[in-house]
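Scroll down for the structure; my scribbles are underneath it.
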Amino acid sequence: MADLSELSLPLRLFLKAYPWRRIDPIPWVIPDKPVSQSRLALVTTAGFSAPGQAPFDEGFKGGDYSFRIIPDGIDLGALEEHHRSEAFDHRGLAADPNLVFPRDRVHELEAAGKIGSINHRHLSFMGSITAPGRLRSETAPEAAKLFKEDQVDLALLVPV
Amino acid sequence: MCNQTVSLVAAELERRGIATVVVQLLRFIAEKVQPPRALLVPFKHGFPLGEPKNPELQREVIAAALRLFEDADAEPPLLTEFRPPGQSPI
């Protein structure tokens with residue numbers, strides 16, 4: 001796994017002292033059909049925005065809790081990244097957006113019969129949110145409503 | 001913080017009836033936050049699916065994550081480690 005030792009000392013101390021939000025009770029959905037018959041959507045926290053969309057506000061206190069809708073058919077090279085963290089090497093996702101938003105990979109799995117279908121849209125958040133109150137009360141519920149409208153069965157969520 | 005963010009979003013999706021699986025890079029955060037289903041990966045920050053331009057490895061990680069949906073006996077929080085192909089379990 002990623003190691004705390006790869007992070008700076010101030011960041012390590014911050015993470016150790018941070019009041020992590022515990023999910024309790026833990027919600028649990030038992031899929032009623034196999035993955036090979038299910039509709040899948042992606043969520044990334046890479047801070048991607050599509051052309052024409054406002055970028056994430058990297059200076060927003062507590063972290064920008066909004067999300068962007070990423071069309072499934074987008075040219076991945078057109079995505080812009082606005083993740084405010086300096087704790088990771090951004091060159092990986094710049095070289096290959098599938099590393100954090102595996103749009104092509106899930107389509108390959110769909111073509112191989114492993115996934116039923118891929119949703120026509122996905123979501124990007126910007127993951128560096130230290131104050132997640134409005135994420136939990138506003139934008140995460142909005143995201144869920146959007147995916148329910150799309151009849152999404154399963155979601156794969158990828159952090160950076 | 002991304003590990004927490006994906007987990008909190010996942011929890012809301014699950015509350016609305018969408019099954020989720022999150023990739024996690026730091027075990028201690030997954031254990032504190034408790035996402036419903038999590039695949040713990042052995043990669044560094046910024047590289048959650050392994051390596052850029054390595055589609056085979058990326059597909060292996062995703063396939064491992066998707067298998068968590070098909071564990072009929074699973075209970076939350078489900079935390080499973082991804083082992084790269086060729087690596088034997090300890």
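Per residue, the protein assembly as shown exposes an accessible area of 43 Å² to a 1.4 Å probe, with every protein chain left in place. If you take all other residues with their beta carbon under 12 Å from the beta carbon of B:V41, and give Lys and Arg +1 and Asp and Glu -1, the sum is 0.
Which residues does the label zone of A:D89 cover in region B:41-56, counting backbone N under 17 Å from a point 7 Å along Cα→Cβ? Zone members listed by number: B:42-55. How charged is the neighbourhood of A:A140? Take every other residue with its Cβ under 13 Å from the Cβ of A:A140, and add Lys/Arg as +1 and Asp/Glu as -1. Overall, the nearby charge balance is +3. From largest to smallest, the equivalent ellipsoid semi-axes obtained for region B:22-90 from the alpha-carbon gyration tensor read 20, 15, 11 Å.
Taking the Cα atoms of region A:29-104, the ratio Rg/Rh between the radius of gyration and the Kirkwood radius comes to 1.03.
The equivalent ellipsoid of the protein assembly as shown has semi-axes of 23, 21, 20 Å, largest first, where each one is the square root of 5 times an eigenvalue of the Cα gyration tensor.
Could you work out the local net charge near A:G116, counting Lys and Arg as +1, Asp and Glu as -1, over the other residues with Cβ closer than 12 Å to its Cβ?
On the way: positive: A:K33, A:R39, A:K114; negative: A:E110, A:D153.
Surrounding charge for A:G116 is +1.
Between A:H120 and A:L76, the simple label model (points 7 Å from Cα in the Cβ direction) yields a spacing of 2.3 nm. Backbone amide hydrogens, once placed in the peptide plane, bring A:I70 within less than 5 Å of A:H122, A:L123, A:S124, excluding anything fewer than 5 places away on its chain. Bridging of A:K33 to lysines at a Cα separation below 24 Å is possible for A:K114, A:K145, A:K148, once same-chain residues fewer than 8 apart are set aside. Here the Karplus curve 6.51 cos²θ - 1.76 cosθ + 1.60, taken at θ = phi - 60°, turns the phi angles of region A:11-21 into couplings of 5, 4, 5, 4, 5, 6, 8, 5, x, 4, 8 Hz, with x standing for Gly and Pro.
Comparing A:R105, A:R39, A:R84 in a Gaussian network model of chain A, where Cα atoms under 10 Å apart are tied by springs, the biggest mean-square fluctuation is seen for A:R105.
The values are calculated or read from the model by the stated rules, or taken from the named source; none is laboratory data. Keep in mind that this is a model prediction, so the values were computed, not measured. Ideal geometry is used to build each Cβ from the backbone, glycine not excepted, and the neighbour counts take in all protein chains shown. For accessibility, only protein heavy atoms count, side chains too; no ligands or nucleic acids. Shrake-Rupley method; radii C 1.70, N 1.55, O 1.52, S 1.80 Å.
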